[in-house]
Amino acid sequence: MKLPVNIISIMLLLGVIAGCQVEPKPIAYGAANCAHCNMLISDNRYGAELVNDKGKPYFFDSAECLAAYLNQQPAQQQKAALVLVSDFTNPGELIDAHTARFLQSNALPSPMGMNLTAVADEATAKKMQQEHGGELLTWDQVVLAIKNNDKHH
């Protein structure tokens, strides 16, 4: 009788351990390098992060580097548990890239030159668009824009 209880306990424990690992890790601004372009990640308004299904984090200096990385590594895209970008209005706070809104505006230069700024919601994005001009994009549109841009280089 004792063995099945132990096996169940071990399985539950492993489930808890595995469940805790897939979470965002803080980006070490000024210390970590971008997993795509290898530049030092220094601006906490633009950092991005991918956490795979095993809980391993990859850090990026911008949403465009994250998108380029995913475009070039389809296997990583399939294994991605979390795809996160920095909320421009709350520097250092990571938000889900799939629900974020992106403003592409020359008035807001991002580290890699695609001028993509992420915010948490549509209302904030529209307000920023009124102030700075530019185009509003979803994450899928960002990934597609980066893919098309990379073809021309």
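Coordinate-derived values only; no laboratory data. Source: prediction; values computed, not measured. Note: ideal-geometry Cβ built from the backbone for every residue, glycine included; neighbour counts use all protein chains shown.
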**Request:** Evaluate Rg over Rh across the stretch 99-153, taking Cα atoms for both radii and Kirkwood's formula for Rh.
**Result:** 0.97
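Before anything else, pin down the relative contact order of the stretch 2-151: Cα pairs under 8 Å, at least 6 apart, normalised by residue count, whole percent. Could you put the intermediate results ahead of the total?
Working: 283 pairs, mean separation 27.8, N = 150.
Relative contact order, the stretch 2-151: 19 percent.
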**Item:** Distance-filtered residues of the stretch 133-150 - backbone nitrogen under 18 Å, label point 7 angstrom along Glu122 Cα→Cβ
**Value:** 135-142
